[in-house]
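Notes follow the structure.
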Amino acid sequence: ALTANQITGNTVTKDKVDLNGTSYKTWAEATAALAGSEEPVNIITLLDDETATSTPPKPCIITGDGKTLTYAGDLELQAALTFKSIKLNMSTIYANGHDLTFDESVDCRPSTYTNNGNTLTGIRNIWGGTKDNNTIDKTNIVIKSGQFGWIYGGGNAGNITGTTKVTISGGTVNNSVFGGSHAAGSTVGNTELNITGGTLNYIYGGGWNGDVTGTATTNISGDNTVVSGFIIGNTEGTGTAGNTDVTLDTSADNPIQEVHGAGINYNNTVHGKVSGNVNLTVLDGRITGSLIGCSSAVEGKININVKGGEVKRISGIDYSLSADSPTPTYSGIIQITIEKGHTTIGQIDSNNNHKTHVTYRNCGTADTPYLISELRSIDKVILENSFIKEKDQTSAFRLDMGNGETMEIEGTGLTGDFHLVNLNGKASDNQSIITASKLSGTYSFTHKADNKMLYKAGFNYRYPGDATLCAITLPTTVENGTLALKGTIGADQGETLFENGDQVPAGTPMTIIATPSPGYSIKSFSVRQGNNNVTVDTDGSFTAPDGDFTVAAEFKRIYTPPAATYYTVTLPSVEGATLSKQAGDHTVEEGYSFTFAITLDENYSESIPIVTTDRGETIIPDTNGRYKINNVAEDIVVSISGIVKNLPTSIKSIETDTKIWTADGTIFIHTSSPQQVQVVNLAGSTLFYRNIPVGDTRLNGLAAGVYIVHLSREMPRKIIVR
């Protein structure tokens, strides 16, 4: 049996196509037989050069051991297709959403096309999508070999709801690679370009005039990847993108000329607008031109992150476009981050129309700082665990001082002298140029035009001009308070809070801020220039003298009486007597005394009250009969005893060894033992209450009248004093 040849009449016809091990005379016969195949992947092998008249209706691998497959028209896929070890002679392929792979050893050079009058070899157009306005889910193109003019992850027209993918590891693309679609009005959801090898020209994450509603992602890596044109996150066409994300990890041996995060404006038209965010990341490689965040329009955020490699210029917003180009538009803050210090950067620039922040993260050490070249119109420099130093004196910072442009520095890691170049106009005397709140170490800022060093005033570093400067000595700690100093350098530059060692122009209005600690007040404050006192108003204001000066303050303690504490003295209710204060609780402030008197009722007039407290004390009345409890420092309960009714017998002489008599207004008492004596008038008031010794006792100063004398060991006696 003949397997590769068939006999027709007397002529032997050579079979040209093999399908899954069965040979056929023509492509048409093989693809017709393919319709009935149940193989998951079919293998078509060219046995000779052949012209295709149709596309395989089922997934196929087409190989040919170097044989040539020719297709005259536009090849439109009906199923997934892989080319391998074959020559292709065709112009255009539409994958229509089916997987399209150019595997190893694919040679497209039999194909030719013209571009700008030049004849080039290769397949002119590869489309992952459709030719017409159809809608498909996704696309997937894989290039390992071959030669091509333009590759689109999307289609010529129509919409793709999901993601378009283009993966290139080899081959040559003479013109451009696009992640999206070509025609205006066409859309794709997201795009993914993954390029790890090959020789390419221009690379676009988006389409040409077609839009990307989601994110256009471009990843370019590999030591052998050659890119001779620009890399653009979206497009130079009119297509838009929701977001762009570009990552480079290539070799310095194959430099890249220029990278744009969005698009490039020209011909009076905005090209490549991004409605969301732009992210640019460089891991390794060399960019000989510029790494640009935006040259068109970006409505979200721009983030540029460089972790390695060499970049000649990083620009947040690029204005170096043609004269007929619309000005790039962006309203946010451009974030540029340099990480790890493995990157060599020629300059980083922006302009005073857009705010740009540059962050150095983990770059350099205190002993080996990271060398920087030029920062142009950068609003803020952030040092995160980084130490930077000026590479040379060409210029570290370029600012539009004539229009008041300033730079803020956040962090501590500056080393050495940094030179400043004015981009426009002239800096004014005492103009604030650098703002920094945390700097430490050895550093300085020099205005390169006249070599004048900026002086520190608070958090601001100012150009001195012709001002006379004086240094401030301000104690960092003050006993019993705090001390600060503020002033206004230039009416239009706001108030400055100064630190020790700062400088200030002579004649600057100053104010001392003295804040006492709790419990203290300001005693005085002073300003001295050498041995001379500077006049300070009562509100702490003064004028900076024409020489260095020292500020001081003194505080004094404010006496605050202790908060009062109160206690309760409780008096009892007593039968047979009336107290001068009612029975019950009485409030007494701590440390004070409590006084009351006892008046005996008529039938109890011969009693001797005994007053005690729960503090264990007996209270003796004074000569006026008042009982006084001293130094109340706790709650006290008073007890009163010894008040009983008078005896029903009359008073008569009783023979004892105790004698009581009167003479000349004096009461005489003789007793053979120590006793307590109480003298009460007929109104019940106690006039005397005391302890008396053995022997004679005199009680003087009594007015004429009748009195009752109580002795603790005797019966009461009534006597008359004349």
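Details
- Sole exception among (1) among the hydroxyl-bearing types (S, T, Y); (2) within 39 Å of the chain's Cα centre (by Cα); (3) within 25 Å of V106 (Cα to Cα) for T213, by number: (3)
- Within the stretch 149-172, residues that are over 15 Å from I195 (Cβ atoms) sit with their Cβ atoms under 7 Å from residues that are among the hydroxyl-bearing types (S, T, Y) and surrounded by fewer than 20 Cβ atoms within 10 Å (Cβ to Cβ), at 6+ positions apart or across chains, in these pairs: G149/Y113; G158/T135; N159/T135; T161/T135.
- For W661, the criteria (1) surrounded by 13 or more Cβ atoms within 10 Å (Cβ to Cβ); (2) within 18 Å of P716 (Cα to Cα); (3) among the aromatic types (F, W, Y) hold in every case but one, which is (1).
- Top-ranked residue in the stretch 585-603 [being crowded, with 17+ Cβ neighbours inside 10 Å and touching a Lys or Arg at 6+ places or on another chain (Cβ under 6 Å); ranked as nearest to Y689 (Cα to Cα)]: A597
- Filtered residues of the stretch 39-85 (kept if of a type in the set (S, T, Y) and within 20 Å of R124 (Cα to Cα)): T51, T53, S54, T55, T68, T70, Y71, T82, S85
- Restricting the stretch 128-169 to residues that are outside any strand (DSSP E or B) and among the polar types (S, T, N, Q), the residue that is nearest to the chain's Cα centre (by Cα): S169
- Restricting G494, G576 to those that are assigned by TED's automatic domain parsing to the domain that holds T612 and either more than 30 Å from G625 (Cβ to Cβ) or surrounded by 16 or more Cβ atoms within 10 Å (Cβ to Cβ) (or both) reduces the list to G576.
- Just one of (1) without any contact (Cβ under 8 Å) to a residue 40 or more places away in the chain; (2) surrounded by 18 or more Cβ atoms within 10 Å (Cβ to Cβ); (3) part of a loop (DSSP other than H, G, I, E, B) fails for V259. It is (3).
- One residue alone among E390, E408, E384 is under 16 Å from S444 (Cα atoms) and touching a Gly at 6+ places or on another chain (Cβ under 7 Å), and that residue is E390.
- Scanning the stretch 432-442 for residues that are out of contact with any Phe, Trp or Tyr (no Cβ under 7 Å at 6 or more places or on another chain) and farther than 12 Å from Y463 by Cα yields K438, L439, S440, G441, T442.
- Index of the failed condition, H586 passing every other in (1) in a loop (DSSP other than H, G, I, E, B); (2) in contact with a Ser or Thr (Cβ under 9 Å, 6 or more places away or on another chain): (1)
- Within the stretch 401-429, considering residues that are among the acidic types (D, E) and over 15 Å from Y360 (Cβ atoms), the one surrounded by the most Cβ atoms within 10 Å (Cβ to Cβ): E405
- Complete set of residues in the stretch 554-571 that are in a strand (DSSP E or B) and within 16 Å of P518 (Cβ to Cβ): F555, K556, R557
- Going through (1) surrounded by fewer than 24 Cβ atoms within 10 Å (Cβ to Cβ); (2) within 14 Å of G261 (Cβ to Cβ); (3) aromatic (F, W, Y) one by one, Y202 falls short only on (2).
- The strands (runs of 3 or more DSSP E) located wholly in the stretch 287-364 that include 1 or more residues which are touching a Leu at 6+ places or on another chain (Cβ under 6 Å) and within 22 Å of G276 (Cα to Cα) occupy 302-306, 309-317.
- Taking the stretch 489-524 as the range and being within 13 Å of S432 (Cα to Cα), among the acidic types (D, E) and touching a Gly at 6+ places or on another chain (Cβ under 9 Å) as the test, only E495 passes.
- Residues of the stretch 623-632 satisfying the condition of being at pLDDT below 90 and loosely packed, with under 15 Cβ neighbours inside 10 Å: T623, N624
- Only one of the listed residues (A72, A35) is among the aliphatic types (A, V, I, L, M), loosely packed, with under 14 Cβ neighbours inside 10 Å and within 19 Å of P110 (Cα to Cα). That residue is A72.
- Flag if A552 is of a type in the set (A, V, I, L, M), under 38 Å from the mean Cα position of the chain (by Cα) and buried (at least 16 other Cβ atoms within 10 Å of the Cβ): yes
- Residue list for the stretch 14-69, filter: in contact with a Ser or Thr (Cβ under 6 Å, 6 or more places away or on another chain) and assigned to a strand (DSSP E or B): D18, S23, T45, T51, I61, T63
- Beta carbons closer than 7 Å, at least 6 apart along the sequence or on distinct chains, pair a first residue in the stretch 542-558 that is over 17 Å from Q503 (Cα atoms) with a second that is among the basic types (K, R) for E554/K523; F555/K523; K556/K523.
- The strands (runs of 3 or more DSSP E) found wholly in the stretch 379-463 and carrying at least 1 residues that are under 22 Å from A506 (Cβ atoms) and of a type outside the set (D, E) occupy 431-436, 443-447, 455-457, 460-463.
- Only one of the listed residues (V274, V226, V270, V298) is surrounded by fewer than 21 Cβ atoms within 10 Å (Cβ to Cβ) and closer than 19 Å to S331 by Cα. That residue is V270.
- Residue ranges of strands (runs of 3 or more DSSP E) in the stretch 681-722 with at least 1 members buried (at least 16 other Cβ atoms within 10 Å of the Cβ) and on the phi > 0 side of the Ramachandran plot: none
- The set of residues from the stretch 170-199 being buried (at least 24 other Cβ atoms within 10 Å of the Cβ) and more than 42 Å from the chain's Cα centre (by Cα) comprises just one member, V173.
The values are calculated or read from the model by the stated rules, or taken from the named source; none is laboratory data. A quick note: this is a predicted structure, and the numbers were derived from the prediction, not measured. Cβ coordinates were reconstructed from backbone atoms using ideal geometry, including for glycine residues, and neighbour counts include every protein chain displayed.
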